[in-house]
Amino acid sequence: MSNDKPHILLVEDEIHLARGICFNLELENIRVSHVESGEEALERVKFERFDLIILDVMLPGIDGFIVCKKVRELDARVPVLMLTARSDERDRIAGLAGGADDYLTKPFNLDEFLLRVRGMLRRSAWYRPDPIEEGYRFGENQVYLLSYRAKTPQGEIDLTDLEVKMLSLFFQKEGEAIPRKVLLESVWGYASDAETRTLDNFIVRLRKYFEPDPAKPVYFQTVRGVGYRFSRGA
């Protein structure tokens, strides 16, 4: 499944600013994923394709300069717009030298910000071809997270956005027991015991897609009293 909307990753730990940016970008018909740390951003870039990354310099943990360099190792072509409260010329040069495509100092004018984003998205579409994607293999299944599809013994299927989020989390935490609360928060954005049926039904669907025998799951395992675990099997 493909999504016609451009997809931006926003890496910003100032929550009020992040909410404002997300709101205004979504008004522009742009899909935004928001994370608050560089570590989270790098995990997302490993498993998802973005049309643009908006990256704050001053982050908890690893800073934006280091994140930008590591992003370039994972994806040499995704455009990066760096945001910073620093106005020092040396910082701007350091950001551009580290692989950023553009640099904007806070506080910034909203109209200018949106113009830069639109321009970077247009340029991204011009020179960035669809990637040759290596699928994530387990058993006789192959999952392509970037292009929202999977090949299974039952045939090729299109994946929904929620299915891709769930599979991405399972692949990142392969072998770990993931609590129900974490799955609900990460995929649906809420955590409530009343919503566990939603999660259970979702797991049933994944088992129908990928398990040789859904009644005896090998890959998507129940961990009683905790949640679920993904394993590639024997």
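The values are calculated or read from the model by the stated rules, or taken from the named source; none is laboratory data. Here the structure is a predicted model, which means the values were calculated and not measured. As a convention, Cβ positions derive from the backbone with ideal geometry for all residues, glycine included, and neighbour counts pool all protein chains shown. Just so you know, the surface numbers come from the protein's heavy atoms only, side chains and all, with ligands and any DNA or RNA stripped out. Shrake-Rupley method; radii C 1.70, N 1.55, O 1.52, S 1.80 Å.
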Which semi-axis lengths, in whole Å and largest first, follow from the square roots of five times the eigenvalues of the Cα gyration tensor of the chain? 35, 19, 16
For LEU159, which sequence-distant residues (separation of 5 or more, or a different chain) have an amide H within less than 5 Å of its own amide H, given hydrogens modelled in the peptide plane? ARG149, ALA150
Excluding same-chain residues fewer than 8 positions from LYS5, which lysines have a Cα within less than 30 Å of its Cα? LYS46, LYS69, LYS70, LYS106, LYS151, LYS165, LYS173, LYS181, LYS208
Pseudo-spin-label distance ASN201 to THR222, built 7 Å along Cα→Cβ, given in nm, is 1.7 nm
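Probe radius 1.4 Å, ligands and nucleic acids ignored: give me the carbon and sulfur share of the accessible area of the chain as a rounded percent. Present the calculation step by step, with values, prior to reporting the outcome.
Numbers: 6130 of 12530 Å².
About 49 percent, which is the carbon plus sulfur part of the accessible surface.
Round to the nearest 0.05 the FRET efficiency obtained for LEU110 and GLN172 when R0 = 35 Å and r is the Cβ-Cβ distance.
Values: r = 34 Å, r/R0 = 0.97.
Calculated value: 0.55.
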Compute the semi-axes of the equivalent ellipsoid of segment 1-84, taking the square root of 5 times each eigenvalue of the Cα gyration tensor, and list them largest first in whole Å. 19, 17, 10
Given contacts defined as C-alpha pairs under 8 Å and at least six residues apart, what's the relative contact order of the chain, whole-number percent? 13 percent
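If you count only protein heavy atoms with a 1.4 Å probe, what accessible area per residue comes out for the chain, rounded to a whole Å²?
Values: 12530 Å² over 234 residues.
Per-residue accessible area for the chain comes out at 54 Å².
Calculated FRET efficiency, ASP13 and ASP213, Cβ-Cβ r, R0 45 Å, to nearest 0.05?
Approximately 0.50, to the nearest 0.05.
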